[in-house]
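Okay, structure first, notes after.
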């Protein structure tokens with residue numbers, strides 16, 4: 001708990017969750033406190049305003065952020081963090097989220113296991129994910145030079161060594177007897193709050209790799225296609241569902257392959273594939289015109 005009896009704000013990455021918990025904590029000490037009471041103290045007449053804020057149906061205005069910080073008696077430093085947390089949560093674009101996130105990183109009070117440079121670094125380059133998958137095939141040689149030679153395009157041994165160190169710091173790989181690396185999990189999960197930003201970083205990193213594959217990889221070893229077609233909103237939602245189902249089937253197939261080849265590496269034809277899925281509108285609809 002903070003000095004004012006409210007939850008420690010630096011342990012939160014979602015401003016709505018902190019507001020909810022702050023009100024709940026305050027109410028335990030003072031029964032008159034409620035979501036409606038807080039809204040009234042902020043000169044909000046609507047009884048459901050705070051519920052809309054917590055549910056994400058409304059956003060806080062700049063003046064309301066300041067007023068709420070004063071109501072909760074935040075210190076200057078806590079207020080700055082709160083303002084940036086709100087800015088991140090309410091940002092409409094990835095660029096805006098990135099700027100707010102970068103400001104959040106300047107607060108040394110945040111527990112390092114919540115956010116940090118290592119997490120961003122993992123998603124900012126295709127190398128780390130590919131290298132972690134490559135270790136799943138249990139290669140005979142795991143020295144940086146050998147691993148770098150297996151990459152397409154060939155990698156830099158120094159960058160591979162740095163990537164292995166990053167993966168180990170993040171707990172995504174560990175050293176076994178004899179110094180061999182092994183992944184600790186089959187899948188990497190993103191931070192629940194920072195997933196949109198991290199996913200954007202990862203997609204940007206892999207898009208360039210996909211473009212280069214058209215020239216580097218023989219046609220019979222790749223499948224790259226583009227499609228332009230017309231869909232209604234309902235049809236597009238169906239496409240999204242089918243793409244999600246396809247991704248799940250690909251993951252299941254990969255897991256089955258890993259179990260199949262793990263006992264006997266002889267005849268193992270596995271290599272790491274990068275998939276890039278995309279579907280986005282290039283026009284407005286007639287109803288929007």
Only one of the listed values, [x] 71, 57, 30; [y] 77, 58, 39; [z] 71, 39, 32, was derived from the coordinates as Cα extents along the principal axes in Å; which label is it? [x]
Calculate the length of the line joining the C-alpha centroid of region 8-32 to that of region 154-173, in whole Å. 39
Calculate how steeply helix 233-261 sits against the longest principal axis of the alpha-carbon atoms of the chain, using the helix alpha-carbon long axis, and give the answer as 0 to 90 degrees to the nearest 10. 50
Label model pair residue 182, residue 21: point-to-point distance (7 angstrom along the Cα→beta-carbon line) in nm is 3.6
Computed [θ] at 222 nm, deg cm²/dmol, the chain (DSSP H ≥ 4; -39,500 (n - 2.57); rounded to nearest 500): -17000 deg cm²/dmol
Using Cα pairs closer than 8 Å and at least 6 residues apart in sequence, work out the relative contact order for the chain, in percent. 14
On a 0 to 90° scale, report how tilted helix 126-136 is relative to the longest principal axis of the chain, with both axes built from alpha carbons and the result rounded to the nearest 10. 60
Starting from the Cα of residue 276, step 7 Å toward the Cβ, then list every residue of region 206-230 with an amide N under 19 Å from that point. 206-229
Sorting 72, 123, 280 on the 10 Å Cβ count, fewest up front, what's the list? 280, 72, 123
A correct fewest-to-most ranking of 127, 253, 227 by other Cβ atoms within 10 Å would be 227, 253, 127
Where does each of 271, 228 land when they are ranked from fewest to most other beta-carbon atoms within 10 angstrom? 228, 271
Scoring region 9-115 by relative contact order with C-alpha pairs under 8 Å, at least six apart, yields a percentage of 29
Determine the gain in length on full extension of the stretch residue 145-residue 168; use 0.36 nm per residue of separation and subtract their C-alpha separation, reporting nm with one decimal. 6.5 nm
Taking the Cα atoms only, what angle lies between the long axis of helix 94-104 and the longest principal axis of the chain, rounded to 10 degrees? 70
Can you compute the modelled spin-label distance between residue 55 and residue 286, with each label point 7 Å from Cα toward Cβ, in nm? 3.5
What is the distance, in nm, between label points placed 7 Å from the Cα along the Cα-to-Cβ direction at residue 222 and at residue 37? 6.3
For q values of 0.15 Å⁻¹, compute log₁₀ I(q)/I(0) with the Debye formula on a Cα-only model of region 119-261, without solvent. -0.96
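We did not get these values from a lab; they are worked out from the coordinates using the rules stated. Because the structure is predicted, anything quoted here is derived from the model rather than measured. Don't worry about glycine lacking a Cβ; one is built from the backbone with ideal geometry, like all the others, and counts go over all protein chains shown.
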